[in-house]
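Structure record follows, encoded as structure tokens.
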Amino acid sequence: MPMPIEALEAALREGFPDARIEVDDLAGDGDHYRARIVSSAFKGLPRVKQHQLVYAALKGRMGGELHALALETSAPA
Amino acid sequence: MTEAATTDPVHDFIAKAVADHPVILFMKGVPDQPRCGFSAAVAQILDTLGVEYVGVDVLQSEPLREGIKRFSDWPTIPQLYVKGEFVGGCDIVREMYQTGELRSFLDQQGVAVAE
């Protein structure tokens with residue numbers, strides 16, 4: 001169940017309007033992505049919480065429509 | 001865990017499993033034969049660190065596979081728990097391993113790590 005990269009980017013932008021977001025399609029199959037997200041929303045949060053915020057922004061599509069999304073999250077320096 | 005007992009048997013099974021085993025990995029497949037690259041990566045990191053752990057194959061049970069996602073509000077597998085606490089999935093464990101944080105975290109938790 002692939003998800004187009006545009007849909008993934010749009011969902012992340014909506015969830016993190018202030019963020020710097022880079023999405024790569026790792027396998028070229030629309031099913032294995034890596035997202036790098038730098039957002040002030042992550043400030044002071046442990047990694048588990050940071051990734052939970054991203055999953056929340058994807059509204060349940062992670063683990064379903066989206067099989068693999070490697071995440072690198074951080075707050076701006 | 002701080003969660004109170006519930007009437008959900010799957011939740012209770014998971015709560016007991018993470019309380020009973022200092023290091024437990026919910027994964028696809030078993031440590032010797034992982035059935036997913038992400039599960040394999042975490043198992044390999046634990047093996048490299050010489051950590052003794054229990055692997056639970058979520059593919060053996062659909063209720064478990066769904067239940068573990070609810071348990072820590074985490075939509076993917078693998079999931080690593082140390083001393084009852086959810087540590088993270090593949091990305092977080094890998095990042096912690098690469099920075100050396102995983103080794104020191106396990107040390108702090110009193111989990112034996114190979115030199």
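Looking at the range A:25-47, which of the residues that are surrounded by 13 or more Cβ atoms within 10 Å (Cβ to Cβ) and acidic (D, E) is modelled with the lowest pLDDT?
It comes out as A:D31.
Test A:H67 against the stated conditions and say whether it is under 12 Å from the mean Cα position of the chain (by Cα) and under 20 Å from B:F38 (Cα atoms).
Here the answer is no, as A:H67 does not meet what is asked.
Residue under question is A:G64, and the condition is that it be within 14 Å of chain B (Cβ to nearest Cβ) and part of a loop (DSSP other than H, G, I, E, B); does it hold?
Numbers: within 14 Å of chain B (Cβ to nearest Cβ): yes; part of a loop (DSSP other than H, G, I, E, B): yes.
So A:G64 passes the test.
Can you tell me which of (1) assigned to a helix (DSSP H, G or I); (2) surrounded by 15 or more Cβ atoms within 10 Å (Cβ to Cβ); (3) small (G, A, S) is the one A:A10 doesn't meet?
(2) is the only condition that A:A10 fails.
Of everything in the range A:23-61 that's in a loop (DSSP other than H, G, I, E, B), in contact (Cβ under 8 Å) with a residue 40 or more places away in the chain and within 10 Å of chain B (Cβ to nearest Cβ), which residue is nearest to B:R70 (Cα to Cα)?
A:R61
The values are calculated or read from the model by the stated rules, or taken from the named source; none is laboratory data. Just so you know, these numbers come straight off a predicted model, no measurement behind them. Cβ coordinates were reconstructed from backbone atoms using ideal geometry, including for glycine residues, and neighbour counts include every protein chain displayed.
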